[in-house]
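Note sheet for the following structure.
The values are calculated or read from the model by the stated rules, or taken from the named source; none is laboratory data. This structure is a prediction, so every number in the text was calculated from the model and none was measured. Cβ placement follows ideal geometry from the backbone for every residue including glycine, while neighbour counts extend to all protein chains displayed. Calculation scope for accessible area: heavy atoms of the full protein, side chains included, ligands and nucleic acids excluded. Shrake-Rupley method; radii C 1.70, N 1.55, O 1.52, S 1.80 Å.
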Amino acid sequence: MKLPSSAILRKFFHWIRSKDFLIFLFFLFVAGFFWTMLALKDVVEYEVEFPVNVVHVPENVTLNCESTDTVVVAKRKEYSVIGFDTMRVVIRDNAYNILGYLFNKVSININYTKGDEDKISVSTSDLVKKAKLDKSVEVITIKPERFEIYYSYGDFKYKPVAIYGSITAADKYFLESIKVVPESVRVMGAPARLATIDSVRTRYVRITDVTEKDEPKKVGLQQHKGVTLGVKEVKVVATADVLSDMEREVEIEPINVPDNKLLRTIPGRVKVKFSAPSKMGKNITKDDFKVVVDYNEIRNDNNKQSIHLNLIRKPSFVKSNNVFLEVKEVDYKIEQR
């Protein structure tokens, strides 16, 4: 006979309040305790992070690091303690000791010292000694192998931002403009390093199917060694204009005609059909195009009835595959002057 669910629940709660359940919990706790003690004695490998600070940094000195942002940890009367980076050390030891390093973070300090160059170079194999590791600890790997700390004395210059990537308009649209906001960024570093930087490139950006309604896209900036950028990212603003079908009637001009001859085409004009951005297309006139016929084509063939038309000039923003002549050949006649 199947018990109703209410009867099962009453039986379960009665068991929880019984002495048997308390005995079960006690032995479960004891077993868990001994299992944990045994597990903590096991030798394991684990990556431990040690914050790295630069200390005794004078007030007039700026640290220029490319990996992370520097953060002022503490300020003294004459100097600052600046959080610079993180040293990652893979160590091998029993789990109990490793837990101590995880819960008791040890900061490693590098003393600021002015050198002949604009940087301080420190091996992390020397820094790990400051972590005060137990003798039982075996160091497997240290990352990075070396810290290079670049510094300057407040020097900066504004450098233009260069877009690195591919930006294309949607079908039936023309890429009207590409802008970056801001157009220049503040770069801080030693004068010698600033002089080697012509521009600051964005990280690779690929924008496709641009229309007139596209939103600005945030793009990160590529870091330069030994300098600090005033901003980490910029906005790339691409705008496009819809292509409209247009036409202009253009006079046909003969070229390479001898002085004693006159070449006339029938008709004397031809329609040039093209697709152009609607805004820019309004300013296109017939004078922006040039259509010619070349006398050399018929110089040695008097029986030829027609002559080819050649479009040799068009607005630069009108693509070649978006422009064509209404007819490719016309009749002609030659007269003596």
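What to note about this one:
- Heavy-atom accessible surface of the range 101-195: percent carbon and sulfur, 1.4 Å: 50 percent
- Under 5 Å between amide hydrogens, built in the peptide plane, is the criterion, and for Asn109 it picks out Asn53 among residues at least 5 positions away or on other chains.
- Summing Cβ point charges (Lys, Arg +1; Asp, Glu -1) relative to the Cα centre of the range 196-316 gives a dipole of roughly 460 debye.
- Phi-based couplings in Hz for the range 275-287 (Karplus 6.51, -1.76, 1.60; Gly and Pro marked x): 10, 9, x, 4, 6, 6, x, 5, 9, 7, 10, 5, 6
- Ranked by the mean number of other Cβ atoms within 10 Å of their residues, highest first, the peptides 128-140, 223-235 come out as 223-235, 128-140.
- Taking the range 187-337 and dividing mean pair separation by its residue count, relative contact order in percent (alpha carbons under 8 Å, at least six apart): 22 percent
- Normalised per residue, the accessible area of the range 203-262 is 60 Å², obtained with a 1.4 Å probe and no contribution from ligands, DNA or RNA.
- Each residue, Ser278 and Arg248, gets one label point 7 Å from its Cα in the Cβ direction; the gap between the two is 2.0 nm.
- Of all aspartates and glutamates in the structure, the ones whose alpha carbon falls short of 14 Å from that of Lys143, not counting any fewer than 8 places away in one chain, are Glu47, Glu49, Asp85, Asp126.
- Those lysines that a straight Cα-Cα span of less than 23 Å connects to Lys273, excepting residues fewer than 8 apart in one chain: Lys172, Lys282, Lys286, Lys290, Lys314, Lys319, Lys328
- Computing FRET efficiency as 1/(1 + (r/R0)^6) for Lys213 and Leu99, where r is the C-beta to C-beta distance and R0 is 35 Å, gives about 0.05.
- Remark: for residue pairs Lys179/Lys232; Lys105/Lys132; Lys119/Lys235, the C-alpha separation exceeds 21 Å in Lys119/Lys235.
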